[in-house]
Structure formats: C-alpha cells, structure tokens
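Here's the structure we're looking at; comments come further down.
The values are calculated or read from the model by the stated rules, or taken from the named source; none is laboratory data. Predicted model, so just to flag it, every value in this text is computed and none were measured. Neighbour counts run over all protein chains shown; Cβ positions are idealised from the backbone, glycine included.
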Amino acid sequence: MSEKKEDKTWQEELIEKYPKLLEHSYPSVGEGWKDLLDNMLGQIQHHMIWHWENECHENRVIVQDGEEPPEDKEWIQQPFFVQIKEKFGSLRAYYYGGDERIRGIVDATEGMSHKICERCGDKGYATKDGWIKILCEKHHEEDRIATEKRHQEIKEQRDARNAKEHNQNERG
C-alpha cells in the first residue's frame, strides 16, 4: 500500500525551494503573487551563488547571521526574509543581510506587485474604496458583489431588530 503524498501549500513549496532565504518567514500574501515571489527569490539565490559562492571568487565569503565577518575578505551576510506580506495594496518583503543588488531585486518586485492581481496573478489595479487591494477586473467585481451582499444582510438584520423593538414598545 502506498502512502498518500502530503499536499503542500505553495508557500511551503517556496520554503522548500529556498530554505536559506525563507528559513525565518512564511509568505502571507495571495496566491496571485506566488510567481512574483518565486522570481524574486530565484534571482536572489542566483546572485548569491554566482557572485558569492562561485569558486573563482576565493576572496568572497558569506557570513551567517551571528557570525563575525572576516577582516581580510570581502563578505556579505546571508540574506533571509523575516516577513513577506501585503501592505497598502502591495507586496512588502522585510529581510536582513544581502547587498545593493538584492535591495534592487526586492524593490523591483514590490513595485511590480502594484500591477498584479494578488489572487490570480493577472493584470490588476488598486481598489478605490476601503481596504487597498490589487485585483483584476473579475476579482474586483466579485469583491463588489460580496460587499453589496454583506451590506444587504446587515441592513436586513438591523431592520428586523428595529421591527422587534418597535413591536415590544407598542405592547409594553
């Protein structure tokens, strides 16, 4: 009998793919930004391997968090993310370590998130009312319908409560 393969979330798959970068973080964003994150993490990992771990760069060292950097070599702290979330309608990725190239990769990724639906990954734009979200046309419409439905339910509950109070006042 074969064991059922455990289903992993896309976040767990990214953590498995980029263990050094996501050791201290769990991406808390919509699945629409999965490819955006995968691309960002892949570029950072490639930069670390090519620029810092390449054998021809004997004078370069990657320092782990808490290690003392060497005085006689060029060094970089191993980057790692501590929080990846949505804030004010865009991706925010907070990390330690790295260099200017990594800062540029993160900044570019955060900027691109302003145009990508955080639910499905299609072209998106910011909402104009309430909580700022970046959504495609389809998800904007779904949110609008859901909001209208919630408002209608609240109105019906309020009207029912008012009618009950009115009836009690008339009797009593």
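Data table
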{"item": "Matching residues, region 132-144, being within 16 Å of the chain's Cα centre (by Cα) and without any contact (Cβ under 8 Å) to a residue 40 or more places away in the chain", "result": "135"}
{"item": "Odd one out for residue 164 among (1) without any contact (Cβ under 8 Å) to a residue 40 or more places away in the chain; (2) under 18 Å from residue 117 (Cα atoms); (3) of a type outside the set (Phe, Trp, Tyr)", "result": "(2)"}
{"item": "Residue count, region 25-50 (criterion: touching a residue at least 12 places away in the same chain (Cβ under 8 Å), among the aromatic types (Phe, Trp, Tyr) and not in a loop (DSSP other than H, G, I, E, B))", "result": "1"}
{"item": "Of all residues in region 21-58 being over 30 Å from residue 136 (Cβ atoms) and either of a type in the set (Gly, Ala, Ser) or touching a strand residue (DSSP E or B) at 6+ places or on another chain (Cβ under 9 Å) (or both), the one that is surrounded by the most Cβ atoms within 10 Å (Cβ to Cβ)", "result": "48"}
{"item": "Verdict on residue 43 being of a type in the set (S, T, N, Q) and modelled with pLDDT of 95 or more", "result": "yes"}
{"item": "Residues of region 11-20 satisfying the condition of being surrounded by 13 or more Cβ atoms within 10 Å (Cβ to Cβ) and farther than 21 Å from residue 100 by Cβ", "result": "11, 12, 14, 15, 17"}
{"item": "Strands (runs of 3 or more DSSP E) contained entirely in region 60-172, each with at least 1 residues that are surrounded by 10 or more Cβ atoms within 10 Å (Cβ to Cβ), of a type in the set (Ser, Thr, Tyr) and on the phi > 0 side of the Ramachandran plot", "result": "none"}
{"item": "Residue in region 98-106 that is over 18 Å from residue 34 (Cβ atoms), touching a strand residue (DSSP E or B) at 6+ places or on another chain (Cβ under 6 Å) and either free of Cβ contacts under 8 Å to residues at least 40 places away in the same chain or assigned by TED's automatic domain parsing to the domain that holds residue 39 (or both) present", "result": "yes"}
